[in-house]
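The values are calculated or read from the model by the stated rules, or taken from the named source; none is laboratory data. All figures in this text were calculated on a predicted structure; none of them were measured in a lab. Glycine gets a Cβ as well: all are built from the backbone with ideal geometry, and neighbour counts include every protein chain shown. The area values use the complete protein model at the heavy-atom level, side chains included, leaving out ligands, DNA and RNA. Shrake-Rupley method; radii C 1.70, N 1.55, O 1.52, S 1.80 Å.
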Amino acid sequence: EEVCERHTNILVTICLVIVLIYNPYVPSRLRPILFFLFSICLANLFLERDHLAAFATAIVITKTLHRIYIITLTVIASSPSSLFLTPLSHFVPSYSFTLQQMLTCDGAPPDIADRRRRAFTSLHSKWTSKWPKSLQIAENLKFSYSDLRFASTNRSFFPFREVLSNWCEPCTVVSKSDHTDLIDIDGVRLIDINGSYGVNVAGYERYKQFLASGMEIVKDLGCVLGSVHPLLEENITILKRISQKSEVSFHMSGTEAVMAAIRIARFNRRKPLIVLFGGAYHGWWDGVQTSPGNERAPSDVLTLKDLSPWSMDVIRMRSAEIAAVVVNPIQSFHPNSPPPSDLLLASNVRLAKESAIYSDFLRQLRAVCDASGIILIFDEVDTGFRLARGGAQEYFNVKADLVCYGQTVGGGMPTGIVCGDTRYMSRIDPHLPLRMAIVVGTFAAHPLLLAAQNQFLKWVESEEALTAYSRMNTNIAKFVLDTNAALARANLPLTIASCSSVWTFLFSKPGRFHWMLQFYLKDEGLNLSWLGSGRAEFSLDFGAKEMSEVSARVVRAAQRMFDDGWWWDVTAAHIRWCLAKEFLGALRRSALEIFGF
């Protein structure tokens, strides 16, 4: 009987060795359990029964302590916002200012408050007469178009919302574009520095040509889906050349492209975890949002700190669990911070960094992923074809395993694309036929999309485009220098910083009204997105003349804002004290309401 039991243990041990070492299809979650069983079986071959329990207990304690260490290291390396902000968002009560409270919320004296009141009233009167049609449409849409209501609400720190709700609605209702200008339904021209959320890289006049030429190509086909258009092959060839990858997958938006990349990464690596970095935006899908705005708390995502050696250690130590690391290269602009918007400007909290440091970080990350068998994904939905013709891979000189594109690559049509090597793009398991990764989309290769996209891709590979990229880099460097020099001469607390054609406004002194700048910029004829002064983007048709005009308008807007008293001298400590009093007061009122007092 003992011999039979011993032979059984030997057989089980050999089977476990084969499964653990030679079978790559064992899910990573099962491997620790199998390893534990292997250790017990192996010990049973050499230890007496009374020693076996002690050995098993030692293994369990050792593995438990090791796991505690890994989790502790992960917490240290995690972005604080991913750990605390979402739970905190369920407890921070709302509160609102009256107009008088708003005007004096930073402790401004009566004369400054009066100056602000006059400016506030004057700007409202001016907008009412300047944009009557736009304001009427925006007001009507608020009650039936939830997207606009959300965007309008999130243009400033929340205590200001109630006062602003009946003030200057910044919604732009446009009927025409002309070069770098938008023309709204009131006939007002605005220079567009929004970039249509990153879509407009080539310039609106070129996108009109792409769309018109594309429609001409497919006008006899119509909306035929399921079959493929001949242009698909040429588009894929160009995309493979630009991305330097061997396969291409089409989707319907940038968010869907990221969803697809993460799904196939998990499928091909057979691991559950995805690593993101603090503050990065990868679309509104709840599987990648670990900050406020998502009621689901993803348990299979690690949100780590950018530029941190702790993060590298976590990736190495948890490589058996991590399928992929996802990077949004625009984070080089503001590491570990959320996408800059005026919603977040409770004080002066906006920063911008040099890209050189981030290049080193990406190279280290590439090496760690290679050594650990982890897929590196670049989310280039915004940066693809904007930072450079070859996107962030070219700009930072770091190659990814999977690259997600969107926005501009559609030639003016909505799209999402994933490019990658064949070994990472597979959706069917050749050894397990029932195991697959389902990634599909109805409009993913719509004929009109393919035709407009073909026009864009041909243009982006042209000498004309190459010259435009080079000219942009030269012009924007001069734009930043000239604008900052003019702001400094006027002694204004504002600077700008850029990462290629993406740029932002930075504030050099504390204040509670930095968000007000977006309204002065629009009044000077500059169109921004709902992120306000957080991010602006030039298209490649902006020349030195257009940038010079933008610079002049930025300086005028800042000077007016300063003259109207919104940048009154106040310390960061005083602002923190004001915020603390407001939050505590709101908490007290909320508690009294809960308990019926």
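Structure notes:
- Spin-label model, Asp186/Thr121: points 7 Å from Cα along the beta carbon direction are separated by 2.0 nm.
- Separation of the Asp569 and Glu139 label points, Cα + 7 Å toward Cβ, nm: 4.2 nm
- Paramagnetic reach from Arg471 in region 536-559 [backbone N under 19 Å; point 7 Å along Cα→Cβ]: 537-551
- Neighbour cut-off at most 16 other Cβ (10 Å), DSSP loop, chymotrypsin sites (Phe, Trp or Tyr not before Pro), region 233-339: Trp284, Trp285
- Calculated on alpha-carbon atoms, Rg and Dmax of region 357-497 in Å: 19.9, 69
- R0 of 35 Å, Cβ-Cβ distance Leu584-Asn484: FRET efficiency to nearest 0.05: 0.35
- Among Ser152, Ser94, Ser548, the sequence by solvent-accessible area, most first, with a 1.4 Å probe is Ser94, Ser548, Ser152.
- Net length gained if the chain between Ser213 and Ile70 were fully extended (0.36 nm per residue, minus Cα distance): 45.9 nm
- Amide H partners (placed H, <5 Å) of Leu304, local residues excluded: Ser79, Leu276, Phe277, Gly278
- GluC sites (Glu not before Pro) within region 349-448: DSSP coil, no more than 14 neighbouring Cβ in 10 Å: Glu354
- Computed over all pairs of different Cα atoms, the Kirkwood value for the hydrodynamic radius of region 439-597 is 19.3 Å.
- Region 132-284 has equivalent-ellipsoid semi-axes of 36, 26, 15 Å, by the square roots of 5 times the alpha carbon gyration tensor eigenvalues, sorted largest first.
- In units of the compact-protein estimate 2.2 N^0.38 Å, region 497-560 shows a Cα radius of gyration of 1.10.
- From most to least packed by mean Cβ count within 10 Å, the peptides 142-148, 382-388, 156-162 give 382-388, 156-162, 142-148.
- Over region 425-513, volume per residue of the alpha carbon convex hull, in Å³: 251 Å³
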